[in-house]
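*Asks:* Encoded as structure tokens, here's the structure I'll be asking about.
The values are calculated or read from the model by the stated rules, or taken from the named source; none is laboratory data. This structure is a prediction, so every number in the text was calculated from the model and none was measured. Quick reminder, even Gly has a Cβ in these numbers, built from the backbone with ideal geometry, and neighbours come from all protein chains shown. What goes into the accessible areas is simple: the full protein's heavy atoms, side chains included, and nothing from ligands, DNA or RNA. Shrake-Rupley method; radii C 1.70, N 1.55, O 1.52, S 1.80 Å.
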Amino acid sequence: MSLTPEVAFERYRERLLSVIYFRMGPDLRTRMDPEDVLQEVAIEAIHSWHTLDDPANAGAWLVTLARRKIARILRDQVGVAARDPRRERAMKTDFPVADHRTGPATMADRKDRLVLLEQALTRLSDDHREVVMLSKIEGLPAKEIAERMGRSENAIHLLLSRAIKRLGQELQL
Amino acid sequence: MTGNPDRLPADEQASAADLRMAGLLADGFRPSPDLRRALRLESGEEADDILGRINVLDFLDSVVGDVGNELPERLGDYRIIGLLGRGGMGTVFEAYQESLERVVALKVLAPSRTADPRMRKRFRTEARANANLHHQHILPVFGFGEAAGHLYFTMERVEGVSLDRHVATARRRGQAAMEPRDAARRFAGVADALAHAHRRGILHRDVKPGNILVQPDGSLCLADFGLSKVVGEDSLSVSEVGAFVGTLHYASPEQARGQELTPASDLYALAVTLYQCVSGKMPIDAETTEAMLDGLLNRDPLPLRRVLPHAPRDLEIVLDKLLSKDPRDRYPDGESLARDLQRIADDEPVLVRRRSWPSRAWRVVRKHRVLSATIAVAVLLLAVVLVLWRQVLVEEEAVRSARYESLLAAAISRAETEPGRPDGPDGLLAVLTGMAPETADQGTEVLDLLGRADLQADGETRARDLRSAYLDDPVPAATAALREGRGQAARALLDAAIAAEESRGFLDRDSVTWMRLYRLYLARAVASLTASVADQEGAAADLLRASFVRPGAFAPAILSALVRLEASESPSALLAVCDRLIGEAPPGGDAVVLGVLRALVAPVRPGAANLMPFSLSKAARRRVLRWLDVEDGGAALQPLDSTPWAGGIETSLADAAQRGFAGLSDTAALRAALLEGRALLGTEIAAGSPLQAWSVVFDVIEGALPALLARMNTTAGMRQVVDGLVLLTRLDVPAELLRRSQDGLERVLGIAEASGQPTEPIRVALWMALGDPAAALAEATDWVGRAADDADAYLARARCRIELGDVTYAAFDGAQAIGLALDPDSVRARFVAMLEEAVARGGEDAQRFQALSRSFAGSD
């Protein structure tokens, strides 16, 4: 008896979409549809499901898959992008929604906020941006963030606290 | 990306607000109204700062999604493993209870509804009361609790679908969910359940189709007692306009008035539910809440026979009484209602007989029949055997040398317990299971002893005779027929041979001829176990005879134990039998057991091994298969198509059917195919064999649907028709044929469903052929809900999703199907084929399907 990929995917879908969206960045999003990436992640999840040791870690595991996939795509794309002189700079702001539960009004609202958030994030320092990404978008626990960023847990809480403040200023909330 | 410098200037201190916020975050911060209120009261710069940061967090949550409030994977002792359904009050998951190692249904109440601490208290009271309700038609509540801010309780995980699904499906098809008398019978159980609860002072308060579960055998089960009291929905607040028209339908007049609820209110709701099930309509209906309330309080309900003219008059009267505005005018208690409903159910014979799965009585009779038929034979044989063995030993001892005798005796006694050589008489098991026969020069102890005895022989031929009896096939023609799956032909030959042997009388027998008789009985048992004969009793009788002739013989013991298994055998009991057999097996015998078991759990499908479909449930098969995986080291899961049975009887039938499909426009070809099919069924397949279901396929091809209807007067006939239709959908049926037969099939399916037969596979195929994948998806989802561990269901749904372009979810269903399949490789091949078809069709999703197809085809 174990968690099925479908249930796990259903639960973390929102989070995965957010991670993919943000980690892709506007440039990559002109070339690839975040939904395609999501599908690739889903497929990979299905095939490597047996490597998940503890169902309790399914969320973090899926997020890692997503990040790795995007990193790979970015690596592959770098060569392509450099060679193409006519890169479209139009930002793809359509937040992919395969889920038909939310109504159109909420979605449009959400799209606006998404654009705002992304722009605000670009104006943060690298550390502040990263801690917000890892903590609020990828949902990692403080311990892991601390490991990844090479600081103590307390330092992370403080960093996040400040990042939130700065973000609030950028968002003019 | 550029931005501010990485660090704050060294001289900038962390502000008090920075630190305070950091502290909140470290404590696992969750924004709550209390905290906000406290901060606003506090006022001052710091408090404002914190409030501002909380707003930012809210903003982040709103954009990114409800990441924080996710349900954890584990709630206390329960690990969530699946989703069963989403309801108004919460979600029902499938969960695994670690401590008791069982699967349960876990209902988690939506957090928004349970924030109030008073509600928690009520929840506990209700759950406790519920746990003490034990009734056949009440879904058992195991326990309750709270974890991670979520209130939950656990129930028995039963297979089945909630009644509102049935009602919705029926409405989609323009039918009613149940026949009146059938409904009366089933709801009698629910009425009784309510009576039981009422006697213990517990009201349900929310009787409606969504709270009634339909189990696979058709019986109804009431769930969620008292829950509405917990979440405060029992007295309707009319101010919430619009939200309530749905629930108002089942509300009683006193409920609408906000009065105290009584047992009669539950009965009222039951009446509405019953009314809805048999007619598809509500007794009182309106568009708006106000109109609904008015009707509820002031208008009379629509008499049943106005919407359903052929309904029993009695039922109309009962419902009318139950729907009285004054609770005192309704039934005094659930018991009297149950009795009346039962009377309505029993009154007149229905057009379609109620489906009844093998009941206990039938089981007992069957067992006795086997025993009584063979007891006479068995007793006779036993007596004879005992007498003659003694005689034989005395004679031989007097005449032969001691060494020869002792070797021979040793060989005989060894033969009694050895599993035998796969290519010897016991190799008939290999014939049945399709195990590869071992090489001829693998010796057994018996052969070894006989060889040594032969060396001692002095003109003595018994050792050699016994050796040939031990090795030679009985009636080679019969074995050949068995290998082709022609069980009837094999049995006819063996009948003749056995009659000949037995007619020689039981005197002057020696061990050689006992061995010959043993092989003949065993061979005939095996022939009886082929799918085309399917004579379980005959096989049991022959196995009994064989084990009397060779008392310690292992092969008859295995087959007997397995033949006696019933459809209702629980998987754990089955595994206990498997364990015992392996444990008792002589050296080398365990391979035989495993081979037979593997054959036992194989699914029967066109073109597959010609095995008798032992009536094991899918759940039992899968348990055994997993067990085999452990015992047999993965060999169990290899596809059985590689056995010599690929050319079995079923392949011939499938071929004939395919030719029939091709010949729909060519009468000559059609006639030829039909002739061939029916001839095969007439000569090669015994009347009682499950393979006779193929006749349904040919009936459909011929367009002889009235013939099908005629068959559905008995339970067995009905089952055969459904099995036949399922066979049909597994073949490559041309859409034209389905379209042509649609009306007839609808009638047939309607009758089958009214008796509780599962017909989803057929409906899915029908809708797909008729070009309505959305309807097919709905049916497929019902099927998945009803049989959650059936690979075919997931595969069907995957196909619907592919049609609708829902690539990702098709992938999940495909993976799920492969994971659940008893034959994963063939299921994977089928899934990939579906994807390839989608790719070939082109369109905007073609690329995605291509990617998916590649990933599934490439993996192992």
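*Asks:* Looking at the range A:124-165, which of the residues that are more than 28 Å from A:Ala56 (Cα to Cα) and open to solvent by 60 Å² or more (accessible area, probe 1.4 Å) is nearest to the chain's Cα centre (by Cα)?
*Replies:* Here the answer is A:Asp126.
*Asks:* Could you grab me the full set of residues in the range B:20-65 that are facing chain A (nearest Cβ under 7 Å) and either modelled with pLDDT of 80 or more or open to solvent by 40 Å² or more (accessible area, probe 1.4 Å) (or both)? Steps first, please.
*Replies:* Taking the range B:20-65 as the starting set, the residues that turn out to be facing chain A (nearest Cβ under 7 Å) are B:21-22, B:25-26, B:52-53, B:55-57, B:59-60, B:62-65.
Listed by number, the residues that qualify are B:Met21, B:Ala22, B:Leu25, B:Ala26, B:Gly52, B:Arg53, B:Asn55, B:Val56, B:Leu57, B:Phe59, B:Leu60, B:Ser62.
*Asks:* Which of the residues spanning the range B:835-860 are more than 9 Å from chain A (Cβ to nearest Cβ), open to solvent by less than 60 Å² (accessible area, probe 1.4 Å), within 19 Å of A:Ala45 (Cα to Cα) and in contact (Cβ under 8 Å) with a residue 24 or more places away in the chain?
*Replies:* Hits for the range B:835-860 are B:Leu835, B:Phe849.
*Asks:* Would you confirm whether any residue within the range A:25-38 is facing another protein chain (nearest Cβ under 10 Å), over 27 Å from A:Arg113 (Cβ atoms) and open to solvent by less than 50 Å² (accessible area, probe 1.4 Å)?
*Replies:* Checking the range A:25-38: not a single residue is facing another protein chain (nearest Cβ under 10 Å), over 27 Å from A:Arg113 (Cβ atoms) and open to solvent by less than 50 Å² (accessible area, probe 1.4 Å).
*Asks:* List every residue pair whose Cβ atoms lie under 7 Å apart, where the two residues are 6 or more positions apart in sequence or sit on different chains, the first residue falls within the range A:120-140 and is farther than 15 Å from A:Leu171 by Cβ and within 10 Å of chain B (Cβ to nearest Cβ), and the second residue, located anywhere, is at pLDDT below 85 and assigned to a loop (DSSP other than H, G, I, E, B).
*Replies:* Cβ pairs passing all conditions: A:Ser125/B:Gly3; A:Ser125/B:Asn4; A:Ser125/B:Pro5; A:Ser125/B:Asp6; A:Asp126/B:Gly3; A:Asp126/B:Asp6; A:Asp127/B:Asp6; A:Gly139/B:Val67.
*Asks:* Applying the selection to the range B:339-354, what residues are at pLDDT below 50 and among the small types (Gly, Ala, Ser)? Spell out how you get there, then give the answer.
*Replies:* The first filter runs over the range B:339-354 and keeps only residues at pLDDT below 50, leaving B:348-354.
Once the filter is applied, which keeps residues that are at pLDDT below 50 and among the small types (Gly, Ala, Ser), the range B:339-354 yields nothing.
*Asks:* Looking at A:Ile73, A:Ile20, which one is of a type in the set (Val, Ile, Thr), open to solvent by 10 Å² or more (accessible area, probe 1.4 Å) and either over 24 Å from B:Arg74 (Cα atoms) or out of contact with any strand residue (DSSP E or B) (no Cβ under 8 Å at 6 or more places or on another chain) (or both)? Steps first, please.
*Replies:* On the way: A:Ile20 fails: open to solvent by 10 Å² or more (accessible area, probe 1.4 Å).
Criteria check complete, one pass: A:Ile73.
*Asks:* Check the range B:435-453 and report whether any residue there is open to solvent by 50 Å² or more (accessible area, probe 1.4 Å), modelled with pLDDT under 70, hydroxyl-bearing (Ser, Thr, Tyr) and not in a helix (DSSP H, G or I).
*Replies:* Keep residues of the range B:435-453 that are open to solvent by 50 Å² or more (accessible area, probe 1.4 Å), which gives B:436-443, B:445, B:448, B:452.
Now restrict to residues that are modelled with pLDDT under 70: B:436-443.
Going one step further and asking which of them are hydroxyl-bearing (Ser, Thr, Tyr), we end up with B:439.
From the residues that got through so far, the ones that are not in a helix (DSSP H, G or I) too are B:439.
Yes: the range B:435-453 contains one or more residues that are open to solvent by 50 Å² or more (accessible area, probe 1.4 Å), modelled with pLDDT under 70, hydroxyl-bearing (Ser, Thr, Tyr) and not in a helix (DSSP H, G or I).
*Asks:* Quick one: which helices (runs of 4 or more DSSP H) sit completely within the range B:455-537 and have at least 2 residues that are touching a helix residue (DSSP H, G or I) at 6+ places or on another chain (Cβ under 6 Å), modelled with pLDDT of 75 or more and more than 24 Å from B:Gly682 (Cβ to Cβ)? Lay out the reasoning, then the answer.
*Replies:* Working: elements: B:462-471, B:476-483, B:487-503, B:511-528.
Those helices (runs of 4 or more DSSP H) span B:462-471, B:487-503, B:511-528.
*Asks:* Could we say that B:Met282 is open to solvent by less than 80 Å² (accessible area, probe 1.4 Å) and either touching a strand residue (DSSP E or B) at 6+ places or on another chain (Cβ under 9 Å) or part of a loop (DSSP other than H, G, I, E, B) (or both) here? Explain how you work it out, then say what you get.
*Replies:* Numbers: open to solvent by less than 80 Å² (accessible area, probe 1.4 Å): yes; either touching a strand residue (DSSP E or B) at 6+ places or on another chain (Cβ under 9 Å) or part of a loop (DSSP other than H, G, I, E, B) (or both): yes.
Considered against the rule, which asks whether it is open to solvent by less than 80 Å² (accessible area, probe 1.4 Å) and either touching a strand residue (DSSP E or B) at 6+ places or on another chain (Cβ under 9 Å) or part of a loop (DSSP other than H, G, I, E, B) (or both), B:Met282 comes out as yes.
*Asks:* Another one. Given (1) touching a residue at least 12 places away in the same chain (Cβ under 8 Å); (2) surrounded by fewer than 17 Cβ atoms within 10 Å (Cβ to Cβ), where does B:Ala311 come up short, assuming only one miss?
*Replies:* For B:Ala311, the failing item is (2).
*Asks:* Here's another thing I want to ask about it. Might you let me know whether the range B:798-810 holds any residue that is away from chain A (no Cβ under 14 Å) and either in contact (Cβ under 8 Å) with a residue 40 or more places away in the chain or open to solvent by 10 Å² or more (accessible area, probe 1.4 Å) (or both)? Full working, then the answer.
*Replies:* Within the range B:798-810, the subset away from chain A (no Cβ under 14 Å) is B:799-800, B:803.
The next check asks that each one be either in contact (Cβ under 8 Å) with a residue 40 or more places away in the chain or open to solvent by 10 Å² or more (accessible area, probe 1.4 Å) (or both); those that pass are B:799, B:803.
Yes, some residue in the range B:798-810 is away from chain A (no Cβ under 14 Å) and either in contact (Cβ under 8 Å) with a residue 40 or more places away in the chain or open to solvent by 10 Å² or more (accessible area, probe 1.4 Å) (or both).
*Asks:* Still on this structure: Please find, within the range B:811-827, the residue that is least open to solvent (accessible area, probe 1.4 Å) out of those that are away from chain A (no Cβ under 14 Å) and within 21 Å of B:Gly82 (Cα to Cα).
*Replies:* Checking each candidate, the answer is B:Ala821.
*Asks:* While we're looking at this one, here's another question. Tell me the residue from B:Arg830, B:Arg763 that is closer than 28 Å to B:Ser219 by Cβ, touching a helix residue (DSSP H, G or I) at 6+ places or on another chain (Cβ under 9 Å) and either of a type outside the set (Gly, Ala, Ser) or within 14 Å of chain A (Cβ to nearest Cβ) (or both), please. Give the steps one after another, and end with the answer.
*Replies:* Details: B:Arg830 fails: closer than 28 Å to B:Ser219 by Cβ.
Every option except B:Arg763 fails the conditions.
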